[in-house]
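Trainee: After the structure tokens below, expect a handful of questions from me.
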Amino acid sequence: MAASPIAVNARDALALPDLAAIRAARERIAGLVHRTPVLTCAGLDAEIGARLAFKCENLQKVGAFKARGAVNAVLSLSDAEARRGVVTHSSGNHGAALAYAALRRGIPAWIVMPENAAKPKQENVRRFGATIRLCAPNVAARETACADVLHETGAVLVHPFDDARVIAGQGTAALELIEEVPDLDIVIAPVGGGGLLSGTAIAVKSSRHGVRVYGAEPANADDAARSFRSGRVEPLPPTTTIADGLRTTLSARTLAAIRTHVDAIGLAHEATILRAMRLIWERMKIIVEPSSAVPLACLLDGTLDVRGQRVGIILTGGNVDLDRLPWQT
């Protein structure tokens, strides 16, 4: 049975970074993350009927935008907090990002991962020296295992998205995008737990009047769209989607940001996500994971109308199991 919806309250809405916090995060993480390139593709422009600018966070440290939020959170810790180490739960990219950030600060990290997490993502975490604690592949098991590590070690929890420091760090990608392409009409980011979309929306809406911000998620995991409509966190029931990085429920904090700053959320069908991912590989010659392809898939499905507009799209990551590409199964 699904859990009951969780109402958003005013306290959660206040616990969000502002533009100043996002700008401070950019200064804090400089030197430890890449300023990733923005690429264009005339073929995809013609396919969609808009001018697209892709912010390539698939080329970021650890292969995903998650490095931004994790580094900002770890560098924001006091010395006393840092000595205790950090812990999180993650299916892959945030775990690797936190492991990377902890390594750079010289502190221990524990990462709780589902036992079915992709092997390349587990290897990515281990490469940065973190300790992995495997658990059953469900939210309750993750949270229980994470609580156990917290009790055993006294480490500081750095949540994948329900953390103002993480949200501020994720928002730095959008700051770079709108600086490089100042005439954008729309910015689109995928949405799972909502940390990236929250940071993106705060950064864009606070610095560019009139620019719209859209979220994009799989139709098979449409909890953000449902939450956006209802104003309550609608838990994600058990589901399957190729975009496994987006199979996460919003928090009250991220929903508050999204309801305040986001204009719409589009949905993409599974077959279209696969097609969009392959189009990016073939036409742009870059590796992206399925979650990265969801915004383009929404445009292909027509659930977000961007015709004739200048559109910025955040490609969130490129960590793919090359031995199990989705179009080969």
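Trainee: Answer yes if at least one residue in region 195-207 is in contact (Cβ under 8 Å) with a residue 60 or more places away in the chain, out of contact with any Phe, Trp or Tyr (no Cβ under 7 Å at 6 or more places or on another chain), open to solvent by 30 Å² or more (accessible area, probe 1.4 Å) and assigned to a helix (DSSP H, G or I), and no otherwise.
Mentor: Scanning region 195-207 turns up at least one residue that is in contact (Cβ under 8 Å) with a residue 60 or more places away in the chain, out of contact with any Phe, Trp or Tyr (no Cβ under 7 Å at 6 or more places or on another chain), open to solvent by 30 Å² or more (accessible area, probe 1.4 Å) and assigned to a helix (DSSP H, G or I).
Trainee: Does region 216-225 contain any residue that is without any contact (Cβ under 8 Å) to a residue 24 or more places away in the chain and of a type outside the set (A, V, I, L, M, F, W, C)? First the steps, then the outcome.
Mentor: Taking region 216-225 first, the residues without any contact (Cβ under 8 Å) to a residue 24 or more places away in the chain are none.
No, region 216-225 contains no residue that is without any contact (Cβ under 8 Å) to a residue 24 or more places away in the chain and of a type outside the set (A, V, I, L, M, F, W, C).
Trainee: Step by step: first the residues of region 298-329, then only those that are of a type in the set (A, V, I, L, M) and at pLDDT below 95, then the one that is surrounded by the most Cβ atoms within 10 Å (Cβ to Cβ). Which residue is that?
Mentor: First, pick out the residues of region 298-329 that are of a type in the set (A, V, I, L, M): 299-300, 304, 306, 311, 313-315, 320, 322, 325.
Next cut, at pLDDT below 95 only: 320, 322, 325.
Values: Val320: 21, Leu322: 8, Leu325: 12.
Here the residue is Val320.
Trainee: Okay, next question. For Pro295, are the conditions met, namely being modelled with pLDDT of 95 or more and not β-branched (Val, Ile, Thr)?
Mentor: On the way: modelled with pLDDT of 95 or more: yes; not β-branched (Val, Ile, Thr): yes.
Judged against the criteria, Pro295 is a match.
Trainee: Is it fair to say Val71 is on the phi > 0 side of the Ramachandran plot, open to solvent by less than 40 Å² (accessible area, probe 1.4 Å) and outside any strand (DSSP E or B)?
Mentor: no
Trainee: Another question, then. What do you reckon, is Ala145 small (Gly, Ala, Ser), buried (at least 17 other Cβ atoms within 10 Å of the Cβ) and at pLDDT 95 or above?
Mentor: no
Trainee: Suppose we keep only residues that are in a helix (DSSP H, G or I) and not β-branched (Val, Ile, Thr) within region 127-142. Which one would you say is farthest from Ser91 (Cα to Cα)?
Mentor: Step by step, filter region 127-142, then rank; the result is Arg127.
Trainee: List the residue pairs whose Cβ atoms are under 6 Å apart, where the first residue sits in region 10-38 and is surrounded by fewer than 21 Cβ atoms within 10 Å (Cβ to Cβ) and outside any helix (DSSP H, G or I), the second is modelled with pLDDT under 95 and small (Gly, Ala, Ser), and the two are 6 or more positions apart or on different chains.
Mentor: Note: no pairs meet the criteria.
Trainee: Give the number of residues within region 235-293 that are of a type in the set (Asp, Glu) and within 28 Å of Asn116 (Cα to Cα).
Mentor: Number satisfying all stated conditions: 3.
Trainee: Output yes when any residue across region 86-102 is without any contact (Cβ under 8 Å) to a residue 12 or more places away in the chain and either assigned to a helix (DSSP H, G or I) or open to solvent by less than 10 Å² (accessible area, probe 1.4 Å) (or both), and no when none is.
Mentor: No.
Trainee: Can you name every one of the helices (runs of 4 or more DSSP H) wholly within region 235-329 that holds 1 or more residues which are under 20 Å from Asp185 (Cα atoms) and under 17 Å from the mean Cα position of the chain (by Cα)?
Mentor: Details: elements: 252-261, 270-279, 290-301.
So the answer is 252-261, 290-301.
Trainee: So which pairs qualify, if the first residue must be in region 276-295 and closer than 10 Å to Asn58 by Cβ, the second must be part of a helix (DSSP H, G or I) and among the aromatic types (Phe, Trp, Tyr), the Cβ gap must be under 8 Å, and the two must be at least 6 apart or on different chains?
Mentor: Pairs found: Ile287/Trp281; Val288/Trp281.
Trainee: Considering only region 112-132, how many residues are touching a Leu at 6+ places or on another chain (Cβ under 7 Å), under 26 Å from Pro326 (Cα atoms) and buried (at least 18 other Cβ atoms within 10 Å of the Cβ)?
Mentor: 1
The values are calculated or read from the model by the stated rules, or taken from the named source; none is laboratory data. As the structure is a computational prediction, the values presented were derived from the model and not from experiment. No Cβ is skipped: glycine too gets one built from the backbone with ideal geometry, and neighbour counts run over all protein chains shown. Note: areas computed on protein heavy atoms with side chains; ligands, DNA, RNA excluded. Shrake-Rupley method; radii C 1.70, N 1.55, O 1.52, S 1.80 Å.
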